[in-house]
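**Student:** I am attaching a structure below and will ask some questions about it afterwards.
The values are calculated or read from the model by the stated rules, or taken from the named source; none is laboratory data. Every value quoted in this text rests on a predicted model; they were computed, and no experiment measured them. Neighbour counts are summed over all protein chains in view; Cβ atoms, including those assigned to glycine, are modelled from backbone coordinates with ideal geometry. Side chains are part of the model used for accessible areas, which takes the heavy atoms of the whole protein and leaves out ligands, DNA and RNA. Shrake-Rupley method; radii C 1.70, N 1.55, O 1.52, S 1.80 Å.
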Amino acid sequence: MKRIYLLFLIIFSAIGPSCLPSSSLFAQSTPLLTDSLIQMLDAELSGESAKRNLDYITRLHRMRGSADYKKAVDFITAQLRTYGLQRIETIQIPADGKTMYGTQKARLAWEADFAELWELEKQGAVWKPVHRIADWESMPITLAEDSESGDVTADLVDIGAGNSESNYTGKNIAGKLVLTSSPPDAVVALAIEKYKAAGIISSTQNQHTAWWQEDENLIRWGHLNSFSSLKTFCFMVSLKQARNYQQRLSRGEIIRMHAQVKAGKHPGFYEFVTAVIDGSDATLKEQEIAFTCHLDHQRPGANDNASGSVTILEIARTLNKLILEGKLARPKRTLRFIWSPEIEGTSALLSQRPAYASRIKAVIHMDMVGGSPVTKAVFHVSRGPKSLPSFVNDIGEAVGAYLNDETRAFAGGEPALHPFVAQEGGKEPLLAVLGEFSLGSDHEVYSEGSFGIPSIYLHDWPDRYIHTNFDLPAHIDPTKLKRAGFVGAASGYLLANITDNQAPALWNLVKQQTVGRTTTMLQRQALLSQEDAAISQTFHWNHERGVFASLSSFVTVPLALKNEADLFYGSLEKTMGTPAQTTPARDAANVIYERNPAVKGPMSVFSYDYFVDHYGSAKAKNIRLPSFQSRWGSGSEYAYEVLNFVNGHRTQEAIRQAVSAELGPIPIELVTEYLQALASIGVINVTK
């Protein structure tokens, strides 16, 4: 703590209080965000309008390539026309089950026409249907995605988790329906392929949070393997229903059921909607700031992700209306809006429309932005990975910090000019978490090393109803939609209007954010060994200089500003002291790799893993890095960033140090093993 306090004293005396981190960065007029823009967005953004659009979308079971997904596409397109957007386009890219779009193998489209699960009762000598357990028409989430047609009358057998041989000991399940607590695809190899069960009934629960298994009425959206040649089906049931069956079966009761499914995969299309607000500057209009979301998911899928879909639609309406009314200047750069299938769609789009990747300068991505307090949702304004340092994230965090202050003051009865409250919404403070890195949606494709597009990721986490039948419109807060709309609209409009004369204001913002990140770095250092603390410190200053350097992607940075930045970072480094020397790397860790430009995208995408598919599932299980867990990072984050840090210049040891500083210390053996595996399948190559 003494070290952090000393840091602030030195900064205060050296550069003045204006550069200290402030959560109220935009509380007064600045060249970046004016009071008039805040007022216009507060007056025009409508949480109620967004919620009405959401009410329609949540009626649709929006599976890839399905009729309901097409209805959602048509609805967004019609609304864009009503709102007067320009260059509205519907894009179709084949979903044929075989084409590679970067690292994403296209999945076939999937559609269901009918599915019912009935419990039968013996009446005399005949078993008759008496209780309908699941019904596609009324609740399509009860049929697992990628289920295939089947018509089965059979007894039910409880196989528990169903993912190990011990779950099948002494049980005859051939031709039977099996009840499992695991995700459906996890039991297919044993239950269906080996022991010849006729179908699956699963009560698997949604993602682990503090509220996991607390509500036994939840039914989770289930999935089968999109690429499996083995055809089967699965019905999803609640924990309450599963427990009822388990109790009855344990007493020796025979439970006979009839399952009928008419569904299957077929060649189709990934569909996208895109529209723009054209930029005004003759040169800069060729650059784009993109608002993105995924339109697909199960019915109702209110927060995930009808909320993001309608919020960027509301931003499009708001900005275009203010521009057409002459209240707001047309942005210098073009604003693009994209609705796509999650992750796999973005991979396909950037692969088939490479001009998008070259024109888009920054992304504001929204995935789950409307959860009301009942969902236990926490709103996040997340930054990109440290492999891609960018001031773009500082813009989003500063806008989020301003809104945090305004909404906190309003909720506490203090003066607040713009709390962004919808008439039909709540009044709680936003309390957004700012500046963390998180995977889990399309932004990870944009920001991956192949494309390097900085992204601001707006999202809720946790959400106790994610991927369940309780992800309902009733659990969406119009105020939250309006506030997410403000963070997105303000950030995007600012980025679209940045010019050279705003370089000093951007640098002032970066300085403030640097001080905050430096404080976090110092707090983490206290938990590290001396060597790991030195690694963290060295990486930190390289990263912060990278954030400053990223200004040049938008503006011409004057020499005087570069000199000022050198002095600023040098002063802070001097305050921290010289890091301790690290242990020299072994020769094996000095190997340098470069990316194969023909393989674009992250290794793990949507329902497909490029690494596992090409390296082999048996061998992939022995690679330790993807399952490594540290204090600040998960295996998937390590795998993502290790590949991102490959640039033809960093050694394996340098990559290890980078991910250790970002996510927590990791042994060099795990990094080396993973990089060698990537090289063996041609994702990366040893430099000459």
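**Student:** Among 302-313, 448-459, 136-147, how do they line up from the highest to the lowest mean number of other beta-carbon atoms within 10 Å?
**Tutor:** Descending packing order for the listed peptides: 302-313, 448-459, 136-147.
**Student:** What residues from the range 377-415 fall in the zone where the backbone N is under 13 Å from a label point 7 Å along the Cα-to-C-beta line of VAL433?
**Tutor:** Residues 377-383 qualify, since their backbone N sits under 13 Å from the label point.
**Student:** Classify the range 183-261 from the C-alpha gyration tensor, please: rounded if a/c falls under 1.5, else prolate or oblate depending on whether a/b exceeds b/c.
**Tutor:** oblate
**Student:** So in the chain, what percent of DSSP beta bridges are antiparallel if you round to the nearest 5?
**Tutor:** Roughly 65 percent of the DSSP beta bridges within the chain come out antiparallel.
**Student:** Another one. What FRET efficiency, computed as 1/(1 + (r/R0)^6) with R0 = 35 Å and r the Cβ-Cβ distance, is obtained for LEU472 and SER164, rounded to the nearest 0.05?
**Tutor:** The pair LEU472/SER164 has a calculated efficiency of 0.45.
**Student:** Give the peptides 336-345, 593-602 in descending order of average Cβ contacts within 10 Å, highest first.
**Tutor:** Highest mean packing first, the order is 336-345, 593-602.
**Student:** Quick one: which residues, 5+ away or cross-chain, put their amide H under 5 Å from the amide H of HIS297? H built at 1.01 Å from N.
**Tutor:** Hits under the 5 Å cutoff: ARG62, MET63.
**Student:** A further question on this structure: Is the range 364-509 rounded, prolate or oblate when judged by the Cα gyration tensor, a ≥ b ≥ c being the square roots of its eigenvalues, rounded requiring a/c under 1.5 and prolate requiring a/b larger than b/c?
**Tutor:** oblate
**Student:** Could you work out [θ]222 nm for the chain from helices alone, using -39500 (n - 2.57) per DSSP H run of at least four and dividing by all its residues? Round to the nearest 500 deg cm²/dmol.
**Tutor:** Helices in the chain give a 222 nm mean residue ellipticity of -11500 deg cm²/dmol.
**Student:** Would you kindly calculate the translational diffusion coefficient of the chain, applying Stokes-Einstein with the Kirkwood radius from alpha carbon pairs, for 4 °C and a viscosity of 1.567 mPa s, and quote it in µm² s⁻¹ without decimals?
**Tutor:** For the chosen part, D equals 48 µm²/s.
**Student:** For the pair ARG52/ASN563, report the inter-label distance in nm, with labels modelled 7 Å from Cα in the Cβ direction.
**Tutor:** Label at ARG52, label at ASN563, 5.8 nm between them.
**Student:** Mind ranking 69-79, 480-490, 639-649, 620-630 by how tightly packed they are, going by the mean number of other C-beta atoms within 10 angstrom, highest first?
**Tutor:** By packing density, highest mean first, the sequence is 480-490, 639-649, 69-79, 620-630.
**Student:** What aspartates and glutamates does LYS171 reach when the alpha-carbon gap must be under 17 Å and sequence neighbours fewer than 8 apart in one chain are set aside?
**Tutor:** Answer for LYS171, where 17 Å is the Cα cut-off: ASP155, ASP158, GLU193, GLU253, listed by chain and number.
**Student:** Hey, what's the chain come to in accessible area per residue, 1.4 Å probe, Å²?
**Tutor:** Value for the chain: 39 Å² per residue.
**Student:** A follow-up question, please. Any lysines with Cα under 30 Å of the LYS562 Cα? List them, leaving off those in the same chain fewer than 8 positions away.
**Tutor:** By straight Cα distance, LYS562 reaches LYS285, LYS332, LYS361, LYS386, LYS511, LYS574.
**Student:** Quick check: residue separation of ALA43 and HIS649 times 0.36 nm, minus the Cα distance between them. What number comes out in nm?
**Tutor:** 213.2 nm
**Student:** What fraction, in whole percent, of alpha-carbon pairs in the range 240-360 exceed 16 Å separation?
**Tutor:** More than 16 Å apart: 73 percent of the Cα pairs in the range 240-360.
**Student:** Whole number please: convex hull volume per residue of the Cα set in the range 389-453, in Å³?
**Tutor:** Normalising the Cα hull of the range 389-453 by residue number yields 113 Å³.
**Student:** Now for a separate question. For the range 462-596, rounded, prolate or oblate, judged on the Cα gyration tensor with a ≥ b ≥ c (square roots of eigenvalues), a/c < 1.5 rounded, else prolate if a/b > b/c?
**Tutor:** Oblate, because a/c is 1.5 or more while a/b does not exceed b/c.
**Student:** Ignoring ligands, DNA and RNA, what percent of the accessible area of the chain is carbon or sulfur (1.4 Å)?
**Tutor:** C and S fraction of accessible area: 51 percent.
**Student:** Further, regarding this structure: Go through HIS649, SER636, PRO184 and say which Cα lies farthest out towards the positive end of the charge dipole of the chain; charges sit on Cβ, +1 for Lys and Arg, -1 for Asp and Glu.
**Tutor:** Positive-most Cα among the choices belongs to HIS649.
**Student:** Please compute the modelled spin-label separation between GLN629 and ASN217, points set 7 Å along Cα→Cβ, answer in nm with one decimal.
**Tutor:** Taking the two extended label points, one gets 3.2 nm.
**Student:** Mind giving me the FRET efficiency for LEU230 and THR99? R0 is 30 Å, r the Cβ-Cβ distance, nearest 0.05 is fine.
**Tutor:** 0.85
**Student:** No solvent, one uniform scatterer per C-alpha: report log10 I(q)/I(0) for the range 442-531 via the Debye equation at q = 0.13, 0.18, 0.20, 0.26 1/Å, two decimals.
**Tutor:** So the normalised log intensities are -0.81, -1.15, -1.18, -1.24.
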